[in-house]
């Protein structure tokens, strides 16, 4: 099941206090970036984030879910209505996220 654009718009509005948050459509879902690093995505109208230590600390009881078959598990963000929490979660994760991989040109 593909995610709805309206859900993406809602999440992007919730994160609008953070500079440099962007999204990219990919196979009916959306990859989310903060300051150039992938922090999570929207899969089947669920906000899932990478399980970096700061995210696990902020959401110790969050369930781990698969974004799609064959992927690594990610943390489900259940309280998407709390704008302040979402912004602090994403901002706190940034230092622990891996750098964006460079594309190799042939």
Do you know which of the residues in region 89-106 that are over 18 Å from residue 48 (Cα atoms) and touching a strand residue (DSSP E or B) at 6+ places or on another chain (Cβ under 8 Å) is surrounded by the fewest Cβ atoms within 10 Å (Cβ to Cβ)?
99
Residue count, region 51-74 (criterion: touching a helix residue (DSSP H, G or I) at 6+ places or on another chain (Cβ under 7 Å), surrounded by 12 or more Cβ atoms within 10 Å (Cβ to Cβ) and within 18 Å of residue 98 (Cα to Cα))
3
Take the residues in region 12-37 that are out of contact with any strand residue (DSSP E or B) (no Cβ under 6 Å at 6 or more places or on another chain) and touching a residue at least 40 places away in the same chain (Cβ under 8 Å), then tell me which one is nearest to residue 82 (Cα to Cα).
14
Taking region 75-91, which residues are assigned to a strand (DSSP E or B) and out of contact with any helix residue (DSSP H, G or I) (no Cβ under 8 Å at 6 or more places or on another chain)?
76
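Each reported figure results from applying straightforward, stated rules to the coordinates on display, with no laboratory input. If you're wondering where the values come from, they're calculated on a predicted model, not measured in any experiment. We place every Cβ from the backbone using ideal geometry, glycine too, and count neighbours over all the protein chains shown.
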